[in-house]
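Below is one structure; the comments refer to it alone.
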Amino acid sequence: MKPLVDPGLGQVRIRVEASGVCHSDAGTVEGSFPIIWPRVPGHEVVGRIDAIGSGVRGWEVGQRVGVGFLGGSCGYCEFCRNGDLVNCSNQEFTGIHSDGGYAEVMIAKATGLVRIPDDLSSADAAPLLCAGLTTFNALRNSPAKAGDLVAVLGIGGLGHLGVQYARHMGFEVAAISRGVDTAELAKKLGAHHYIDSAATDPAAALQTLGGAKVILITASGGKTVAATFKGLRPGGLSIALGVGPEPIEVTSMDLIFATRKVEGALTGTPAVGDATLRFSALSGVSAMIETVPLDQAAAAYAKMMAGKARFRMVLVTKNGADQSSPL
Ligand SMILES: [Zn+2]
Ligand SMILES: [Zn+2]
């Protein structure tokens, strides 16, 4: 047990109701980031503010809020001053530099908070703060316009949301995954086309459809990424969202002829977090979740790491059991 502490300058204290289990939690558990243990993982956190530190404005006790991977910008570094809050030089990562949401209570920086619409439950909202924000933000800022062909590579925790957002944003959507088993699910999520990358060359299949304006890469294998790259139409963009150790190999030939691009995207700002949740509530986009009590966090994490989650595990606490109860 950790002692209950008061929020400091610029911070709020949150009674956690739900906390999504994300693959990036391996950064905390396995220490793939430089980290000082013990550290509580969890960066898809929804709860109610129960105490507000000094210097915090715009948030109220009792308000339901979310915390994502980016723990909050500083407001004074070069990047913040240019409005690029995601790349703030002093950004802390939730669950890496500070304790995250696999807990009853957490302390969060007010500049990182996201608003939770009333019509989303805490468990439904949680995965949208990382997996949702990441896919929504990448698509929203992409060069694709309504009617353009957008491909989503990988139908997992990120991809199953990416397909839904792409559909609701008005794109022609191609889902790419291995095997025939996923075809039905991909169509149900809103994909117009399903490409089985185990049976066909996904790049050729995309070219048959006219070439993709954007490929959202939610799988982490570098080879899988390379195999779809030539499926981009001229000027098209591949956006890498899934982190993995394997390098992405594309030839300069495939980059230069047809002026294709590859870029990375890192979640999004708290304001885009607000938009992600609002858009999800409006359009009915939701993560397929399995809720697990907080005391079974280790088992939920193991299931996610084994690739057996369909598709997001969400830890729920007793705080969220009766949402009408006073704080
Ligand atoms: Zn995450
Ligand atoms: Zn900054």
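The values are calculated or read from the model by the stated rules, or taken from the named source; none is laboratory data. Small disclaimer: the values here were computed from a predicted structure and weren't measured. Glycine gets a Cβ as well: all are built from the backbone with ideal geometry, and neighbour counts include every protein chain shown.
Apart from one condition, Thr291 fits all of (1) in a helix (DSSP H, G or I); (2) farther than 30 Å from Leu85 by Cβ; (3) not acidic (Asp, Glu); the exception is (1).
Residues in region 5-38 that are under 24 Å from Ala123 (Cβ atoms) and either within 15 Å of ligand 1 (Cβ to nearest atom) or modelled with pLDDT under 90 (or both): Ala18, Ser19, Gly20, Val21, Cys22, His23, Ser24, Asp25, Ala26, Gly27, Thr28, Val29.
When Pro143 is tested against the conditions (1) in contact with a strand residue (DSSP E or B) (Cβ under 9 Å, 6 or more places away or on another chain); (2) in contact (Cβ under 8 Å) with a residue 12 or more places away in the chain; (3) surrounded by fewer than 17 Cβ atoms within 10 Å (Cβ to Cβ); (4) farther than 23 Å from Gly264 by Cβ, the lone failure is (4). Could you look through region 75-94, keep only residues that are in contact with a strand residue (DSSP E or B) (Cβ under 9 Å, 6 or more places away or on another chain) and without any contact (Cβ under 8 Å) to a residue 60 or more places away in the chain, and pick out the one that is nearest to ligand 2 (Cβ to nearest atom)? That would be Cys88. Would you confirm whether or not region 65-76 contains a residue that is touching a Ser or Thr at 6+ places or on another chain (Cβ under 7 Å) and among the hydroxyl-bearing types (Ser, Thr, Tyr)? Among the residues of region 65-76, at least one is touching a Ser or Thr at 6+ places or on another chain (Cβ under 7 Å) and among the hydroxyl-bearing types (Ser, Thr, Tyr), which makes the answer yes. Here the condition is being touching a residue at least 12 places away in the same chain (Cβ under 8 Å), away from ligand 2 (no atom under 16 Å from the Cβ), more than 19 Å from Gly112 (Cα to Cα) and under 25 Å from the mean Cα position of the chain (by Cα); of Gly47, Gly27, Gly66, Gly20, it holds for Gly27 alone.
Of all residues in region 51-80, those being farther than 21 Å from Val5 by Cα and either more than 16 Å from ligand 1 (Cβ to nearest atom) or among the β-branched types (Val, Ile, Thr) (or both) number 9. Scanning region 136-153 for residues that are under 16 Å from Val225 (Cβ atoms) and within 14 Å of the chain's Cα centre (by Cα) yields one hit, Ala138. Ala186 fulfils the conditions (1) in contact with a Phe, Trp or Tyr (Cβ under 9 Å, 6 or more places away or on another chain); (2) surrounded by fewer than 22 Cβ atoms within 10 Å (Cβ to Cβ); (3) part of a helix (DSSP H, G or I) except for a single criterion, (2).
Taking the criterion of being out of contact with any helix residue (DSSP H, G or I) (no Cβ under 6 Å at 6 or more places or on another chain) and not charged (D, E, K, R), the residues of region 170-179 that qualify are Gly170, Phe171, Ala174, Ser177, Gly179.
Annotation: Tyr165 fulfils all but one of (1) under 19 Å from the mean Cα position of the chain (by Cα); (2) among the hydroxyl-bearing types (Ser, Thr, Tyr); (3) in a strand (DSSP E or B); the unmet one is (3).
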